[in-house]
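Heads up: the structure comes next, in structure tokens.
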Amino acid sequence: GDGLSGRELRAAGFKNADITGADLSPKLLEIAASRSVYDQLKQLDLSQRLPFESESFDMVSCVGTLTYLAPSSGVLAEFVRVTKPGGHICYNIRTDHKLAWLETEKAMVANGSWQLLTETEPRPYLPNNPDYADKVLTVISCYRKTV
């Protein structure tokens, strides 16, 4: 993304954390670099195998992207692969896309990949955007890797 998530993580107290930012768009990565909140930036496609070693991260977060991917992309399994055991995976999905992801999420609980820690009630997706406001909602889900 453009660095807004990284900025919020730093503001939330993750000042000494090693934070990697990623996006498909070189332009957004340029904007993220200008914010100086990430320790490294990667251009990548979330529908492909992630270019990180297994169990590389304590936490993986994904904001505003899964709406544009299919559950069959394997992205959730990739998030689990690159997260350390006991680590967290948090992301949001718009409510008009949530049902499509539900089967994959539940299957990953059933197969022991992760356990659901919390899921928010629907909330505005882009609350300050007049085209979205309260018309488009999102749910934030956080899981703990168990394998």
Gap separating the Cα centres of the stretch 1-32 and the stretch 37-82, nearest whole Å: 14 Å
Under 16 Å from Lys84, Cα to Cα: aspartates and glutamates that are on another chain or at least 8 residues apart: Asp18, Glu53, Glu55, Asp58
Considering only the chain, percent of DSSP beta bridges that pair antiparallel, nearest 5: 60 percent
Neighbourhood charge, 12 Å Cβ-Cβ cut-off, centred on Lys84 and excluding it, Lys, Arg +1 and Asp, Glu -1: 0
Restricting the stretch 78-147 to trypsin sites (Lys or Arg not before Pro) in coil, as DSSP defines it, with at most 14 other Cβ within 10 Å: Lys135
Neighbourhood charge, 14 Å Cβ-Cβ cut-off, centred on Pro124 and excluding it, Lys, Arg +1 and Asp, Glu -1: -1
Contact order normalised by residue count of the chain, Cα under 8 Å, 6+ apart, percent: 19 percent
Lys/Arg +1, Asp/Glu -1 at C-beta; the chain dipole; positive extreme among Pro51, Pro127, Val37: Val37
Those GluC sites (Glu not before Pro) in the stretch 40-147 that DSSP places in a loop and that have at most 13 other beta carbons within 10 Å: Glu53
Fraction of the pair-distance distribution of the stretch 4-53 above 12 Å, Cα-Cα pairs, percent: 62 percent
Computed accessible area, Asp39, all protein chains, 1.4 angstrom probe, square angstrom: 90 Å²
Segment Gln115-Ala17, length gained on full extension (0.36 nm per residue, minus Cα span): 32.9 nm
Dimensionless Rg over Rh [the chain; C-alpha; Kirkwood]: 0.95
Dipole moment magnitude, nearest 20 debye, the chain about Cα centre, only Lys, Arg, Asp, Glu C-beta charged: 160 debye
Unit charges on C-beta of K, R, D, E only; dipole of the stretch 98-147, Debye: 180 debye
Heavy-atom accessible area order for Tyr91, Tyr68, largest first, 1.4 Å probe: Tyr68, Tyr91
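The values are calculated or read from the model by the stated rules, or taken from the named source; none is laboratory data. Source: prediction; values computed, not measured. Cβ coordinates were reconstructed from backbone atoms using ideal geometry, including for glycine residues, and neighbour counts include every protein chain displayed. Side chains included, ligands, DNA and RNA excluded: accessible areas come from the protein's heavy atoms. Shrake-Rupley method; radii C 1.70, N 1.55, O 1.52, S 1.80 Å.
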